[in-house]
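Contents: one structure, followed by commentary.
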Amino acid sequence: MLYIISLPFQLNKVTKMETKFYDNGIVEIIDDNVLIREIDDVFGLFFIDGCWRSAIIVRKENITDDFFDLSTGIAGEILQKFSNYNIRMAITGDWANVNSKSLKAFIYESNKTKRILFVKTVEEALAIFTE
């Protein structure tokens with residue numbers, strides 16, 4: 001049987017990256033490079049290895065520093081795309097030393113939804129995504 005999928009966006013950028021796959025459509029990006037610099041970069045993450053993903057785990061280092069400067073609007077745009085396409089995201093890293101009050105509040109509110117997570121480890125993300 002042949003299935004034709006019509007995507008609501010074009011995959012103009014397909015970046016090769018190292019990944020690790022888990023059950024339930026969860027994928028971890030284990031690449032050391034910055035892979036998310038702008039909004040268009042996230043679409044390549046949604047359709048990794050030819051399959052739509054339910055959740056994506058990335059390292060803080062995989063995302064441009066501009067993402068964490070909320071005044072740029074990049075974080076809001078990117079997380080809105082994840083929400084629009086019903087894909088969960090976890091960003092792993094050390095969040096204890098965040099100095100920006102607005103970023104702290106953003107992380108706190110995001111973690112409450114359990115859709116966009118800022119966690120320390122991949123294990124934490126997997127535990128929440130598989131609840």
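Couple of notes before you dig in:
- Close pairs (9 angstrom Cβ cut-off, 6 or more residues apart or separate chains): of a type in the set (Asp, Glu) in segment 70-92, not in a helix (DSSP H, G or I) anywhere: Glu77/Glu38; Glu77/Ile39
- Cβ separations smaller than 8 Å between residues 6+ apart or across chains give the following pairs from segment 110-131 residues that are at negative phi to residues that are surrounded by 12 or more Cβ atoms within 10 Å (Cβ to Cβ) and of a type in the set (D, E, K, R): Arg115/Arg88; Ile116/Arg88; Leu117/Arg88; Leu117/Glu124; Val122/Glu28; Ile128/Lys114; Phe129/Arg88; Glu131/Lys114.
- Filtered by the rule that a residue be in a loop (DSSP other than H, G, I, E, B) and modelled with pLDDT of 95 or more, segment 107-131 gives Lys120, Thr121.
- Residues located in segment 75-106, provided they are among the β-branched types (Val, Ile, Thr) and modelled with pLDDT of 95 or more: Ile91, Thr92
- Residue check for Ile91: in a helix (DSSP H, G or I) and aliphatic (A, V, I, L, M): no
- Filtered residues of segment 74-131 (kept if surrounded by 12 or more Cβ atoms within 10 Å (Cβ to Cβ), touching an Asp or Glu at 6+ places or on another chain (Cβ under 9 Å) and more than 15 Å from Val58 (Cβ to Cβ)): Glu77, Ser100, Leu103, Lys114
- Which numbered condition Ile87 misses (of (1) more than 14 Å from the chain's Cα centre (by Cα); (2) under 24 Å from Gly25 (Cβ atoms)): (1)
The values are calculated or read from the model by the stated rules, or taken from the named source; none is laboratory data. What you see is a predicted model; the values in this text were computed from it and never measured. Positions of Cβ are generated from backbone atoms using ideal geometry, with glycine treated the same way; all protein chains shown enter the neighbour counts.
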